[in-house]
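None of the figures in this text is laboratory data; all of them are computed from the coordinates on show. These numbers come from a predicted model, not from an experiment. Using ideal geometry, Cβ is built from the backbone for each residue, glycine included, and neighbour counts are taken over all protein chains shown.
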Amino acid sequence: MAMTAEPVTTPPIAPAPDEDSAPYWAALRQHRLRVQECRGCARRRFPPTPACPYCAHPGSDWVEVPATGTVYSFIVVHRTFDPAFAGEVPYPIATVDLDAGARIVARLAGTPAIGTRVTGMFVDHDGWVELRFRTEDR
């Protein structure tokens, strides 16, 4: 007789913000999206880093940006690393070129396709907030 596993219902593991990413996670808790902007070259970036990957300037400011953009690329997850999401596979994860600059990776709701317009949505979890994007067909 084959045994089937019971679905896992544990909540997703909360992120552990570090010095560089804490402002990003704090903004998400307020349902806002903030990215770093270099004080040297003014380029916006994600993920947060202590220095600019483009010009190496050590200074940056956190700027609020609209959570809108275009799908640059995507994958479809068929086997998740976190058991909390096992019941949700398959699901797409997209790299999104934000309209305000910077490229960000997040889960996607809707039909994935390169070049598709997306809008951010904030998913509240116990103690943290996740940024996801949805396509216009959702």
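The label-point distance for ALA26 and PHE81, in a model that sets each label 7 Å from Cα toward Cβ, rounds to 2.6 nm. From helices alone, the chain scores -1500 deg cm²/dmol at 222 nm; the rule is -39500 (n - 2.57) for each run of n ≥ 4 DSSP H residues, then divide by the residue total. Taken one residue at a time, the phi angles of the range 34-51 give Karplus couplings (6.51, -1.76, 1.60, θ = phi - 60°) of 10, 10, 7, 10, 5, 6, x, 10, 6, 7, 8, 8, 7, x, x, 9, x, 9 Hz. Gly and Pro are set to x. Taking every DSSP bridge with both residues inside the chain, close to 90 percent are antiparallel.
Check VAL96: other-chain or 5+ apart residues with amide H under 5 Å from its amide H, H built from backbone geometry? Excluding prolines and chain starts, which carry no amide H, the hits are TYR72, ILE104, VAL105, ALA106. Counting only Cβ charges, +1 for Lys and Arg and -1 for Asp and Glu, the dipole size of the chain around its Cα centre is about 380 debye. Rounded to the nearest 5, the antiparallel percentage of DSSP beta bridges internal to the range 89-136 is 80%. Using a Debye calculation, one point per C-alpha and no hydration shell, please list log10 I(q)/I(0) for the chain at q = 0.11, 0.13, 0.16, 0.17 Å⁻¹ in order. For the requested q values the scattering log ratios are -0.46, -0.62, -0.89, -0.99. For the range 14-67, the gyration tensor built on C-alpha atoms gives an oblate shape. Its axis ratio a/c (a ≥ b ≥ c) is at least 1.5, and a/b is not larger than b/c.
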